[in-house]
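Trainee: I have a structure here, written as structure tokens, and I will follow up with some questions on it.
Please treat every number below as a calculation from the coordinates, not as lab data. As the structure is a prediction and not an experimental result, all values here were calculated from the model. Ideal geometry is used to build each Cβ from the backbone, glycine not excepted, and the neighbour counts take in all protein chains shown.
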Amino acid sequence: MDGVQYRIGNEKLIRVLDGASQRLRSLLTKQGRPQGALRVAVIGGGCSGLQYKMDLVDGPANRDIMVESNQVRVVVDPKSALFVSGSELDYSEDLQKGGFKVTNPNAVAHCSCGESFAA
């Protein structure tokens, strides 16, 4: 963590809802890194041109923006932050579309493929 240059963001970038917060805390604890974070990245591809990729990480990397919301930490790289801004992170137990889900009210196109992951 020493020497990592990152910025602190706020919930205007991404807000973590209760279900996602609980699930994320339990996953990080299970992995033995309770201080870890969820990395949310936006990558090309998917049926609407962009899709979300999520990974559990130890903490922010260089140039990341870190948001603390609902007792968990989310890290986003600056490029992805442009697309994520204003989003909410939720978690669904739904068998078909279960997992973490990013909902962005600013997104023009919506699609249900590749927006969530299971861990």
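Trainee: Among the lysines, which have Cα under 17 Å from the Cα of Lys79 when same-chain residues fewer than 8 positions away are ignored?
Mentor: Answer for Lys79, where 17 Å is the Cα cut-off: Lys12, Lys53, listed by chain and number.
Trainee: I need the GluC sites (Glu not before Pro) found in region 1-110, filtered to DSSP loop residues with at most 16 other beta carbons within 10 Å of theirs.
Mentor: Glu11, Glu93
Trainee: Okay, moving on. In debye to the nearest 20, how big a dipole does region 7-103 give about its Cα centre with +1 on each Lys and Arg Cβ and -1 on each Asp and Glu Cβ?
Mentor: Working: 14 positive and 11 negative charges, 41 e Å.
Result for region 7-103 is approximately 200 debye, rounded to the nearest 20.
Trainee: With a 10 Å Cβ neighbour count serving as the proxy for reagent exposure, in which order, fewest first, do Thr103, Thr29 appear?
Mentor: Thr29, Thr103
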